Amino acid sequence: MFEFQLPDVGEGIHEAELVEWMVHIGSAIEEGTPIAVVNTDKVTVELPSPASGVVSSLPWNPGDILRVGEVLMVLDGDDSSSGSDQPDSASPVASAHPLSTKKTDQATVAPSGSPSLAAALGRPIAAPSTRKLAADLGVDLEVVRGSGPGGRILRGDVHATAATSMPSMPVEQAAADGDVVREPLIGVRGTMFRHMTESSGAPATTTSTFTVRMERVEELVSELRVDHSPSVGVFAITSLRVVQALTQNPRLNATADPDSNDLLLHRPVHLAVAVASPSGLVVPVLRDAQNLQLAELSNAIGEVAKRAREGRLATADLRGGTFTVSSTGGLEKAWVTSAQPLINLPQVAILWMSRTRDEAVVDDGVVRSGRVMSCSLSFDHRYIDGAEATAFINDLTSLVSDPQQGQS
Amino acid sequence: MNTDRPRELVVLGGGPGGYVAAIRAAQLGVATTLVEEANLGGVCLNEGCVPSKALIHDADEVQHDLELGLIDDDQRAMRFAASKANRGATIGRLRQGVAGLLRANGVETVTGRGTLADAHTMRVVDGENVTRLRFDELIVATGSEALVPPGMDVDGKFVLTARDILELDERPGRAVVVGGGYIGLELACALQRFGTEIVVVEATERILAGIEPLLAEHLGSRLEQDGIDVRLNTTLVEVSERSVLVHDQNGDTVIDTDAVVVAVGRRPRTSGIGLEHAGVVPNATGHLDVDDQLRTAVGHIRAIGDVTNGPALAHRAMAQGRAAAASIANRPGTYRPAAVPAVVFTTPEIATVGLRLDEALGRGVDARQVRFPLAANARGLTLGGDGFGLLVHEVRTGLVLGAHLLGPGVGELIGTATLAIEMGAVIEDLAGTIFPHPTISEVFGELADEALGLPTHAVPSKKQRE
């Protein structure tokens with residue numbers, strides 16, 4: 001018997017509405033078969049079955065609200081030997097739970113080459129450079145399987161574990177996320193965290209608003225319209241600049257570890273893009289945006305926006321973001337010149353961008369008509385100080401106002 | 001000096017732990033202030049490891065010259081005084097070196113006695129001058145001092161600590177060394193070679209507590225051969241003028257002597273520095289409990305070196321200092337060494353790292369120990385042939401767990417075994433490493449071959465031949 005518990009279908013989502021069943025009691029299903037449509041406040045998704053078997057119980061009706069962790073469906077195993085009533089820990093919920101991020105998942109990764117030896121010695125068996133690598137990647141050596149002689153943990157073992165045990169990352173997506181640097185919440189950083197939490201609560205949202213000259217971006221849009229059939233818009237170009245600015249300012253491309261409050265600095269930029277959809281605002285994630293060329297990023301944005309409008313986003317599309325960009329440019333009739341975007345937890349910063357407008361600007365002492373965009377950067381002051389936010393703004397401003405820079 | 005500006009980091013104590021922590025913190029971008037009331041370099045540089053090694057080196061040369069008939073006993077006595085002068089010059093150079101390194105790394109050095117006024121303020125008194133330093137982070141590196149049993153009055157003339165020995169202008173004719181630990185035995189060996197008659201009084205049943213007993217026993221018999229009178233299970237009862245009264249199983253004995261050297265251990269300097277005003281409470285032994293980032297229970301106050309539990313060794317303090325500095329600079333990582341080596345600079349030397357066989361077995365590890373005699377090593381034989389190496393390893397994996405050496409110069413070798421343990425080396429790693437011939441370092445390859453049952457320079461055991 002296997003109980004399928006409602007997974008966490010998106011960050012911070014605690015409950016979901018059952019829209020419809022896609023299976024019946026008695027259906028024989030394979031792992032991956034869609035079993036139900038559920039609707040959260042962010043997205044409507046089909047849930048795949050994490051296991052194969054025969055549906056023996058569907059204890060909910062469409063319209064019911066389920067909390068994460070409640071048993072959605074019960075399967076009888078299809079394995080012929082499972083007629084015996086193995087009281088079923090054989091298929092532990094964790095391993096059959098594709099979206100679980102619980103630490104217990106890692107326990108299944110654990111067996112070290114000689115765990116009892118390492119335990120008896122009270123230390124993992126790994127060279128100092130390997131231990132440093134593990135510390136840099138935030139990997140706990142206790143859960144790393146050592147593949148070297150005598151169970152020695154090698155650098156590759158640490159990388160492999162880092163790739164499969166990312167905190168707050170779904171297991172199936174984590175493989176791409178090896179390069180994360182954990183920044184423990186200590187020293188001056190820890191002091192700032194405590195002071196800011198005391199004065200502002202969590203997160204300590206601080207917003208800086210600034211304007212950016214858009215002439216060069218618009219020139220680039222016109223140039224690209226000539227030789228690219230799918231047009232590349234202002235939002236795609238500015239998003240690319242955001243990604244480039246993030247790689248130069250890694251502390252803004254980060255998430256807070258909910259357990260330790262440590263800051264996790266991510267090498268890849270998983271850019272979350274706030275998109276309007278019929279059911280409301282959704283924030284799909286473009287993974288490894290730092291590897292995307294402008295045209296690819298533009299296509300990816302167009303693709304997720306389309307899927308969002310059609311309500312076809314998968315849960316995986318909504319997870320693992322490291323920074324969010326938000327734009328109401330397409331909706332604006334008025335000239336909104338600032339906003340206070342709310343941070344998309346556990347991320348630590350978000351950028352809002354206005355539509356581009358005409359405005360009087362001063363170039364070399366001469367007032368003239370210019371094209372400008374307003375931006376509002378909200379950052380969590382528990383982790384990021386004003387100087388770091390300003391450095392990001394400076395880099396972004398110069399990247400946007402000179403699109404030849406960092407041309408990809 | 002700007003006393004209003006809060007310091008990012010204050011390090012209290014300029015010994016090997018403190019100055020290394022200060023340099024590393026400054027290198028990592030932390031604005032660092034070091035407070036030291038006396039000389040930079042601490043006990044180690046000024047009155048401990050460094051000058052005692054100089055004394056020991058001079059003692060070896062004196063012994064050599066005497067054996068060759070190059071000097072007589074009067075000249076030997078004169079060499080004792082000359083040794084002190086040489087030491088002074090060496091220490092002065094090293095002290096200046098530390099000061100220069102601190103300066104070059106931009107560490108602010110404040111001279112004076114620092115005591116905590118509260119958890120973020122230190123009061124520094126230098127004669128008439130009183131300064132208050134505000135700080136965000138603190139590293140306590142105040143070290144340790146000689147433990148003097150109650151009732152003993154150290155006067156620096158008749159009753160001496162190790163430090164006082166190094167200040168003597170003349171060798172004592174006779175000396176009673178109280179304590180059979182490494183400090184007492186090192187001084188006993190050095191003084192004996194300068195011609196002092198030595199009695200070592202040790203209260204327990206063995207010398208060198210904590211060191212592999214096979215090594216300690218071997219050293220004990222060597223000391224006896226060299227004319228050092230080691231009395232185990234013997235307690236000091238009373239110190240009189242020019243004599244001490246000791247007690248053993250046969251009753252009380254009076255030993256006439258010209259000096260009593262107190263070397264029964266060290267105690268952490270955690271009182272009198274105002275820790276109570278910062279909420280830091282020493283444990284039952286007077287040490288400060290720290291986590292693996294060297295934090296005390298008061299998170300922004302860290303402690304390193306002899307004030308923390310563990311062997312009172314300069315290299316441990318230095319490693320802790322680097323780790324504490326990294327942690328303050330928000331670098332990932334912890335102080336979690338696989339092994340801390342220790343060297344006893346007796347004649348012959350003892351060097352040890354990692355687990356003893358009994359420790360490994362006690363932890364439930366399936367371990368065994370192999371032995372290789374230096375008499376079977378060419379270089380070892382040219383140096384007298386006295387000594388041996390022990391290697392402790394896990395049986396199934398061959399993981400190297402410990403190495404314990406006795407012989408000439410083995411202190412220089414133990415780093416090899418320490419590296420092996422830190423790297424997680426197995427026996428085959430040592431067996432597959434070429435050690436230069438003829439050197440004593442070959443002992444590691446020989447021990448590994450022995451562990452594999454394939455000894456080259458030792459007669460195979462009956463079991464191995466089968």
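The values are calculated or read from the model by the stated rules, or taken from the named source; none is laboratory data. What you see is a predicted model, and the numbers here were worked out from it, not measured in a lab. Note: ideal-geometry Cβ built from the backbone for every residue, glycine included; neighbour counts use all protein chains shown. These accessible areas exclude ligands, DNA and RNA; they are computed on the full protein's heavy atoms, side chains included. Shrake-Rupley method; radii C 1.70, N 1.55, O 1.52, S 1.80 Å.
With (1) modelled with pLDDT of 60 or more; (2) closer than 27 Å to A:R287 by Cβ; (3) of a type outside the set (A, V, I, L, M); (4) open to solvent by 20 Å² or more (accessible area, probe 1.4 Å) as the list, and A:D105 as the residue in question, which single condition is left unmet?
Answer for A:D105: the failing condition is (1).
Out of the residues in region B:240-286 that are hydrophobic (A, V, I, L, M, F, W, C) and surrounded by fewer than 17 Cβ atoms within 10 Å (Cβ to Cβ), which is farthest from the chain's Cα centre (by Cα)?
Here is the first cut: in region B:240-286, the ones hydrophobic (A, V, I, L, M, F, W, C) are B:244-246, B:254-255, B:259-264, B:273, B:275, B:278, B:280-281, B:284.
So of that shortlist, the ones also surrounded by fewer than 17 Cβ atoms within 10 Å (Cβ to Cβ) come out as B:245, B:254, B:281, B:284.
Values: B:L245: 29, B:V254: 32, B:V281: 26, B:A284: 23 Å.
Applying the filter and picking the extreme gives B:V254.
Considering each residue of region A:25-54, count those that are outside any loop (DSSP other than H, G, I, E, B), of a type in the set (A, V, I, L, M, F, W, C) and open to solvent by less than 30 Å² (accessible area, probe 1.4 Å), and give that number.
7
Can you tell me which of B:R379, B:R371, B:R396 is open to solvent by 60 Å² or more (accessible area, probe 1.4 Å) and either within 14 Å of B:L214 (Cβ to Cβ) or among the hydroxyl-bearing types (S, T, Y) (or both)? Please lay out each step first, then the result.
Working: B:R379 fails: either within 14 Å of B:L214 (Cβ to Cβ) or among the hydroxyl-bearing types (S, T, Y) (or both); B:R396 fails: either within 14 Å of B:L214 (Cβ to Cβ) or among the hydroxyl-bearing types (S, T, Y) (or both).
Answer to the selection: B:R371.
Go through the residues of region B:350-358 one by one and say whether even a single one is modelled with pLDDT under 95, open to solvent by less than 50 Å² (accessible area, probe 1.4 Å) and not in a strand (DSSP E or B). Step through it out loud before you land on a result.
Step one: filter region B:350-358 for residues modelled with pLDDT under 95, giving none.
Within region B:350-358, none of the residues are modelled with pLDDT under 95, open to solvent by less than 50 Å² (accessible area, probe 1.4 Å) and not in a strand (DSSP E or B).
So, in region B:343-379, of the ones that are touching a Gly at 6+ places or on another chain (Cβ under 6 Å) and closer than 19 Å to B:A458 by Cα, which residue ends up nearest to the other protein chains (Cβ to nearest Cβ)?
Top of the filtered list is B:F372.
So for region A:364-372 (the condition being of a type in the set (V, I, T) and open to solvent by 40 Å² or more (accessible area, probe 1.4 Å)), does at least one residue qualify?
Yes - at least one qualifying residue is present in region A:364-372.
Looking at B:N86, B:N46, can you tell me which residue is within 18 Å of the chain's Cα centre (by Cα) and away from chain A (no Cβ under 14 Å)?
On the way: B:N86 fails: within 18 Å of the chain's Cα centre (by Cα).
It is B:N46.
Here are B:V280, B:V230: which of them is closer than 27 Å to B:L313 by Cα and assigned to a strand (DSSP E or B)?
Working: B:V280 fails: assigned to a strand (DSSP E or B).
Going through B:V280, B:V230 in turn, just one is closer than 27 Å to B:L313 by Cα and assigned to a strand (DSSP E or B): B:V230.
Evaluate the following for A:T197: is it modelled with pLDDT of 75 or more, more than 21 Å from B:G333 (Cα to Cα) and buried (at least 19 other Cβ atoms within 10 Å of the Cβ)? Even if it seems obvious, please write down each step before you answer.
On the way: modelled with pLDDT of 75 or more: yes; more than 21 Å from B:G333 (Cα to Cα): yes; buried (at least 19 other Cβ atoms within 10 Å of the Cβ): no.
No.
Give the residues of region B:295-318 that are within 11 Å of chain A (Cβ to nearest Cβ) and either buried (at least 22 other Cβ atoms within 10 Å of the Cβ) or without any contact (Cβ under 8 Å) to a residue 24 or more places away in the chain (or both), sorted by residue number.
We begin by selecting, within region B:295-318, every residue within 11 Å of chain A (Cβ to nearest Cβ); these are B:295, B:299-300, B:302.
Those that are within 11 Å of chain A (Cβ to nearest Cβ) and either buried (at least 22 other Cβ atoms within 10 Å of the Cβ) or without any contact (Cβ under 8 Å) to a residue 24 or more places away in the chain (or both): B:G299, B:R302.
Going residue by residue through region A:152-161, is there one that turns out to be touching a helix residue (DSSP H, G or I) at 6+ places or on another chain (Cβ under 7 Å), within 14 Å of another protein chain (Cβ to nearest Cβ), assigned to a loop (DSSP other than H, G, I, E, B) and at pLDDT 75 or above? Outline the logic, then answer.
First pass over region A:152-161, keeping only residues touching a helix residue (DSSP H, G or I) at 6+ places or on another chain (Cβ under 7 Å): A:153-155, A:158, A:161.
From the residues that got through so far, the ones that are within 14 Å of another protein chain (Cβ to nearest Cβ) too are A:153-155, A:158.
Subset that is assigned to a loop (DSSP other than H, G, I, E, B): A:154.
Right, trim to at pLDDT 75 or above and you get A:154.
Checking region A:152-161: at least one residue is touching a helix residue (DSSP H, G or I) at 6+ places or on another chain (Cβ under 7 Å), within 14 Å of another protein chain (Cβ to nearest Cβ), assigned to a loop (DSSP other than H, G, I, E, B) and at pLDDT 75 or above.
If I filter region A:244-258 down to residues being closer than 11 Å to A:F392 by Cα and among the aliphatic types (A, V, I, L, M), which single residue comes out as farthest from the chain's Cα centre (by Cα)? Break it down stepwise before answering.
As a first pass, look at region A:244-258 and keep what is closer than 11 Å to A:F392 by Cα: A:244-253.
Those left that are additionally among the aliphatic types (A, V, I, L, M): A:245-246, A:252.
Numbers: A:A245: 18, A:L246: 15, A:L252: 13 Å.
Residue satisfying both the conditions and the ranking: A:A245.
Count, please, the residues in region B:19-74 that happen to be part of a loop (DSSP other than H, G, I, E, B), within 24 Å of B:F345 (Cα to Cα) and in contact with a Lys or Arg (Cβ under 6 Å, 6 or more places away or on another chain).
2
Restricting the search to region B:154-189, which residues are touching a residue at least 12 places away in the same chain (Cβ under 8 Å), over 19 Å from B:R87 (Cα atoms) and not in a helix (DSSP H, G or I)?
B:V154, B:F158, B:V159, B:G173, B:R174, B:A175, B:V176, B:V177, B:V178, B:G179, B:G180, B:G181, listed by residue number.
Yes/no per residue for (1) of a type in the set (A, V, I, L, M); (2) farther than 20 Å from A:F392 by Cα:
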residue	(1), (2)
A:L297	yes, yes
A:K306	no, yes
A:E310	no, yes
A:A316	yes, yes
A:G321	no, no
A:Q340	no, no
A:P346	no, no
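Among the candidates B:A339, B:A323, which residue alone is within 21 Å of A:K132 (Cβ to Cβ), free of Cβ contacts under 8 Å to residues at least 40 places away in the same chain, small (G, A, S) and within 14 Å of another protein chain (Cβ to nearest Cβ)?
Details: B:A339 fails: free of Cβ contacts under 8 Å to residues at least 40 places away in the same chain.
Every option except B:A323 fails the conditions.
Across region A:124-140, what is the number of residues that are open to solvent by less than 30 Å² (accessible area, probe 1.4 Å), within 8 Å of another protein chain (Cβ to nearest Cβ) and at pLDDT 85 or above?
Final tally of qualifying residues: 3.
For region B:58-80: of the residues being farther than 23 Å from B:V43 by Cβ and of a type in the set (A, V, I, L, M, F, W, C), which is most open to solvent (accessible area, probe 1.4 Å)?
The extreme case among them is B:M78.
Among residues belonging to region B:327-336 that are in contact (Cβ under 8 Å) with a residue 12 or more places away in the chain and surrounded by fewer than 22 Cβ atoms within 10 Å (Cβ to Cβ), point out the one that is farthest from the other protein chains (Cβ to nearest Cβ). Before the answer, list the steps.
First, pick out the residues of region B:327-336 that are in contact (Cβ under 8 Å) with a residue 12 or more places away in the chain: B:327-329, B:331, B:334-336.
Then drop every residue that is not surrounded by fewer than 22 Cβ atoms within 10 Å (Cβ to Cβ), which leaves B:329, B:331, B:334-336.
Values: B:A329: 7, B:R331: 8, B:T334: 7, B:Y335: 11, B:R336: 6 Å.
Top of the filtered list is B:Y335.
Could you list all residues from region A:114-123 that are more than 8 Å from every other protein chain (Cβ to nearest Cβ) and either open to solvent by 60 Å² or more (accessible area, probe 1.4 Å) or modelled with pLDDT under 80 (or both)?
Correct list: A:P115, A:A119.
Give, as residue ranges, the strands (runs of 3 or more DSSP E) completely inside region A:334-394 that count at least 1 residues that are of a type in the set (S, T, Y).
A:366-380
Any chance region B:411-423 includes a residue that's within 14 Å of chain A (Cβ to nearest Cβ), open to solvent by less than 40 Å² (accessible area, probe 1.4 Å) and either touching a Phe, Trp or Tyr at 6+ places or on another chain (Cβ under 7 Å) or hydrophobic (A, V, I, L, M, F, W, C) (or both)?
Yes, the conditions are met somewhere in region B:411-423.
Regarding region B:432-453, can at least one residue be identified that is within 23 Å of the chain's Cα centre (by Cα) and under 20 Å from A:G151 (Cβ atoms)?
no
Return the residue satisfying two criteria in turn: it lies in region A:181-220 and is hydrophobic (A, V, I, L, M, F, W, C) and over 17 Å from B:D136 (Cα atoms), and of such residues it is nearest to the other protein chains (Cβ to nearest Cβ). Spell out the reasoning first.
Going through region A:181-220, the residues hydrophobic (A, V, I, L, M, F, W, C) turn out to be A:181, A:185-186, A:188, A:192-193, A:196, A:202, A:204, A:210, A:212, A:214, A:217, A:220.
This time we only want the ones that are over 17 Å from B:D136 (Cα atoms), so: A:181, A:202, A:204, A:210, A:212, A:214, A:217, A:220.
Values: A:V181: 7, A:A202: 19, A:A204: 19, A:F210: 28, A:V212: 31, A:M214: 37, A:V217: 36, A:L220: 39 Å.
Among residues in region A:181-220 that are hydrophobic (A, V, I, L, M, F, W, C) and over 17 Å from B:D136 (Cα atoms), the one nearest to the other protein chains (Cβ to nearest Cβ) is A:V181.
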